[in-house]
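Q: Quick one: structure below, then a few questions.
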Amino acid sequence: EKYASMISLADSQFSNGDYQSSRTSYTDALELKSSEVYPKTQIQKIDDIFSEQRRLAEEEAKLVMEQKGLDQKFNAFIALADSQFSSENYELAKKNYTSALQIKTDESYPKTQILKIDNIINQLKAKADEEARIAEALRTAEKEYSNFIALADKYYEDKRWQSAIDEYEKAQKLKPQEVYPPNQIEEIRLILSELEKLDEEKATLQYQYKVLIEEADQFFSREEYASAIGKYQGALNLKPAESYPKNQMIRIEVLLERQAILDRKQKELDQKYGEELELGEKFLNEEQFSVARHHYNIALSIKPNEKYPKEKLAEIEKRVEALKMADEEALANNPTNFENKLSIAKEREYASIIAKGDDSFKASHYTVAIVMYERALDLFDRDYPKKKLKEIEKLIREGKDSHLTEEYRKLVAHGDKELTNKNYSVAKFYYQQAKELNLSEKYPDVQLDKIEDLINSKKNQKLEAEYKKAIDMGDSDYNKGNYSVARFYYKKAENLKSNESYPKERLKLIKENQGKN
């Protein structure tokens, strides 16, 4: 009965797939009846089942490993190809997508990417062919254009005006956007027009006035305002009733004043920006991070697009965080180090007080600033608050005069800088402002005289160069027998330097030669 009970249990476990428990029950039954064949047969069946399960498990594990290796290889090819595709290295990307596709032939992604690459390569080739065609056409046009311009310039130098115009017009048709050919054509036409009128035109008051206005307008367009004012004044001396030169001189004064105001504001901003950066650097080097941060933030508010203050603020945050971590680590290693903890708190309080003192100082709230700097000295006996207290004491002592002195100094500094940069009109404006502010100072008068000497010297140099050029051109045309053109240049030289006898003599010779003909 016990054997039968065990066999029944074992069969039930076997039917339910509980092979391990079933084998144990068959083994127990066999111990009761060792000669029985049935339990032995069942145990063998179970052992065969276990063996088959192990074989299947090993085979499945092997397949999983093989598939995993293929997946890794496939993914590696895809990752490399994607990187090359992003870098526009299309040939190598296509090669690696193809390798991935050989591993997994049913995958759509590498096929899609290969098609994309083929399309891109075809588009790039078509674009390159089109660019090459355009470049060749441009080279051909550029060569023809250069040939036309070279020939036109030669005709221009030889005074063959109509031939020069023909060649410039050919060049203009090839490259309509170029300004040189139409400018040259316009200049030649003006010369021809001038040559036609020059023989008949007398050096009347109107002519002299017109010449001065033209020269003044040229100076005005080039923003050479001091020279322009001289010419407009000369024209006004000839015809005092004319409003145009008066209006132009008023325009110049307004433009100079407006530019000076803009320059002054910009320079004040630049100076303030530079001062804040210097203070930021100073306090950063002293590891007074709160104060340094304050000055860099002011600099950033002046010029929000500048990168440097942002970089320094980021640097401060990193250094503060690093110091904080170091402090925390030191305290963690020695929790009883209350003296160190107190020192850290004092440093932070000192930085906060200094920042408040600086804010009050900048706002001219000197009483509050004094209190803050004295509180900072109570914490640490350092030079910075002492220095600021001395500055406040000096400012209070000097009173209102300090503002005027500082304004005068700034105006003179602006004038010196503009004079160094050869911006004489602007420098003159600053020195005149400084002179009005402080009549006792002689320096602005000295600098104004210096500017006048420089302007006169520059005028004389330019006048001499223009006179020499007119004489050279006149001599060249005279020697070639082009008396009408030569007369134009000699008259121009005579107008530039009326006391010179040479152009008068040459004009007399031209008149005699034409009389003989």
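The values are calculated or read from the model by the stated rules, or taken from the named source; none is laboratory data. Given the structure is predicted, the values throughout are model-derived calculations rather than measurements. Cβ: placed from backbone, ideal geometry, glycine included. Neighbour counts: every protein chain shown. Each accessible area value is taken on the protein alone, full model and side chains, heavy atoms only, with ligands, DNA and RNA left out. Shrake-Rupley method; radii C 1.70, N 1.55, O 1.52, S 1.80 Å.
Q: Label residue 453 and residue 441 with points 7 Å out from Cα along Cα→Cβ: what is the distance between them in nm?
A: 2.1 nm
Q: So if R0 is 22 Å, what FRET efficiency would residue 465 and residue 217 give, r being the distance between their Cβ atoms, rounded to the nearest 0.05?
A: Values: r = 20 Å, r/R0 = 0.91.
That pair, residue 465 with residue 217, gives E of 0.65.
Q: Give me the one-decimal nm value for the distance between modelled label points at residue 189 and residue 508, 7 Å along each residue's Cα-to-Cβ direction.
A: 4.0 nm
Q: A follow-up question, please. Give the accessible area for residue 55 in Å² (nearest 10); use a 1.4 Å probe, count only protein heavy atoms, and leave out ligands, DNA and RNA.
A: Number for this one is 110 Å².
Q: Per residue, how much accessible area does the chain show when a 1.4 Å probe rolls over the protein heavy atoms, in square angstrom?
A: Details: 33200 Å² over 517 residues.
On a per-residue basis, the chain sits at 64 Å².
Q: What are the GluC sites (Glu not before Pro) within the range 240-305 that DSSP puts in a loop, where the Cβ has at most 15 other Cβ atoms within 10 Å? Write down the numbers at each step before the final one.
A: Numbers: sites: 242, 253, 257, 268, 275, 276, 278, 281, 286, 287; in loops: 242, 286, 287.
In loop regions of the range 240-305 (DSSP not H, G, I, E or B), the sparsely surrounded GluC sites (Glu not before Pro) are 242, 286, 287.
Q: Rounded, prolate or oblate: which fits the chain when a ≥ b ≥ c are the square roots of the eigenvalues of the alpha-carbon gyration tensor, with rounded for a/c under 1.5 and prolate only if a/b beats b/c? Don't skip to the answer; put the middle values down first.
A: On the way: a/c = 6.48, a/b = 1.74, b/c = 3.72.
In terms of gyration-tensor shape, oblate.
Q: Between rounded, prolate and oblate, where does the range 149-228 land on the alpha carbon gyration tensor, with a ≥ b ≥ c its root eigenvalues, rounded for a/c under 1.5, else prolate if a/b exceeds b/c?
A: Values: a/c = 3.26, a/b = 1.54, b/c = 2.12.
It comes out oblate by the Cα gyration axes.
Q: Which residue, chosen from 8, 51, 124, occupies the Cα position most advanced towards the positive end of the dipole of the range 1-145, where the dipole is computed from +1 (Lys, Arg) and -1 (Asp, Glu) charges on Cβ about the Cα centre?
A: Highest projection toward the positive end goes to 124.
Q: Would you mind working out the magnitude of the charge dipole of the range 1-100 relative to its Cα centre, with +1 at each Lys and Arg C-beta and -1 at each Asp and Glu C-beta, to the nearest 20 Debye? Don't skip to the answer; put the middle values down first.
A: Numbers: 12 positive and 17 negative charges, 35 e Å.
Computed charge dipole of the range 1-100: roughly 180 debye.
Q: What accessible area, in Å² to the nearest ten, does a 1.4 Å probe give for residue 303?
A: 50 Å²
Q: Determine the share of the chain's accessible area contributed by carbon and sulfur atoms, expressed in whole percent, with a 1.4 angstrom probe.
A: Working: 17260 of 33200 Å².
Carbon with sulfur: 52 percent of the solvent-accessible area.
Q: Residues with beta-carbon under 14 Å from that of residue 141, excluding residue 141: net charge, scoring Lys, Arg +1 and Asp, Glu -1? Please report the intermediate quantities before stating the final value.
A: Values: positive: 133, 139, 143, 170, 173, 175; negative: 136, 142, 144, 178.
That sum, taken over residues with Cβ under 14 Å, equals +2.
Q: While we're on this one: In debye to the nearest 20, how big a dipole does the chain give about its Cα centre with +1 on each Lys and Arg Cβ and -1 on each Asp and Glu Cβ? List each step's numbers first, then the result.
A: Details: 86 positive and 97 negative charges, 409 e Å.
Approximately 1960 debye in magnitude.
Q: Here's a follow-up. Put +1 on the Cβ of every Lys and Arg and -1 on every Asp and Glu Cβ in the chain; which of 320, 463, 184 then has its Cα farthest towards the positive end of the dipole?
A: Of the candidates, 463 comes out farthest on the positive side.
Q: Using 0.36 nm per residue, how much length does the chain from residue 472 to residue 286 gain when fully extended, once their Cα-Cα distance is taken away?
A: Working: separation 186, 0.36 × 186 = 66.96 nm, distance 6.83 nm.
In short, 60.1 nm is gained.
Q: On to the next question. With runs of 4+ DSSP H residues as the only contributors, calculate the mean residue ellipticity of the chain at 222 nm using -39,500 (n - 2.57) per run, divided by the residue total and rounded to the nearest 500.
A: Calculated at 222 nm, the ellipticity per residue is -30000 deg cm²/dmol.
Q: Could I ask something else about it? Need one word for the range 407-489: rounded, prolate or oblate. Basis is the Cα gyration tensor (sqrt eigenvalues a ≥ b ≥ c); a/c below 1.5 gives rounded, then a/b vs b/c decides.
A: Details: a/c = 5.57, a/b = 4.60, b/c = 1.21.
Note, shape of the range 407-489 comes out prolate.
Q: Given +1 on the Cβ of Lys and Arg, -1 on the Cβ of Asp and Glu, and no further charges, what dipole in debye does the range 228-327 carry about its Cα centre, rounded to the nearest 20?
A: Details: 18 positive and 18 negative charges, 142 e Å.
Dipole size: approximately 680 debye.
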